[in-house]
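What follows is a single structure, written as structure tokens, with notes after it.
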């Protein structure tokens with residue numbers, strides 16, 4: 001049980017993981033903003049632009065999520081060694 005607490009402490013204090021999580025929050029906020037704007041936009045050309053921007057933020061979110069998960073696993077694995 002103490003081992004789990006130690007790993008959690010390292011996870012919550014890991015600078016790279018903190019940065020990645022912060023970047024994820026920013027991307028999710030952009031995604032939500034674009035989604036809200038898209039639902040209100042009537043102009044077809046503007047909607048197409050917003051849709052492409054939304055896709056890009058979703059891809060970036062996925063990449064940041066993958067990086068954060070890899071770093072999380074690395075920190076936990078390091079603690080288990």
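One table, with the values for the structure above:
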item: Selection within the stretch 1-18 - outside any helix (DSSP H, G or I) and modelled with pLDDT of 75 or more; result: 14
item: Number of the condition not met by residue 29 [criteria: (1) at pLDDT below 95; (2) loosely packed, with under 14 Cβ neighbours inside 10 Å]; result: (1)
item: Subset of the stretch 32-46 [free of Cβ contacts under 8 Å to residues at least 12 places away in the same chain and surrounded by 15 or more Cβ atoms within 10 Å (Cβ to Cβ)]; result: 41
item: Cβ-Cβ under 7 Å pairs, at least 6 apart or on other chains, the stretch 52-64 side in contact (Cβ under 8 Å) with a residue 40 or more places away in the chain, far side buried (at least 16 other Cβ atoms within 10 Å of the Cβ); result: 64/20; 64/23; 64/24; 64/27
item: Members of the stretch 62-81 that are over 11 Å from residue 17 (Cβ atoms) and over 15 Å from the mean Cα position of the chain (by Cα); result: 77, 78, 79, 80, 81
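The values are calculated or read from the model by the stated rules, or taken from the named source; none is laboratory data. Bear in mind the structure is a predicted one, so any value in this text is a computation, not a measurement. Cβ coordinates were reconstructed from backbone atoms using ideal geometry, including for glycine residues, and neighbour counts include every protein chain displayed.
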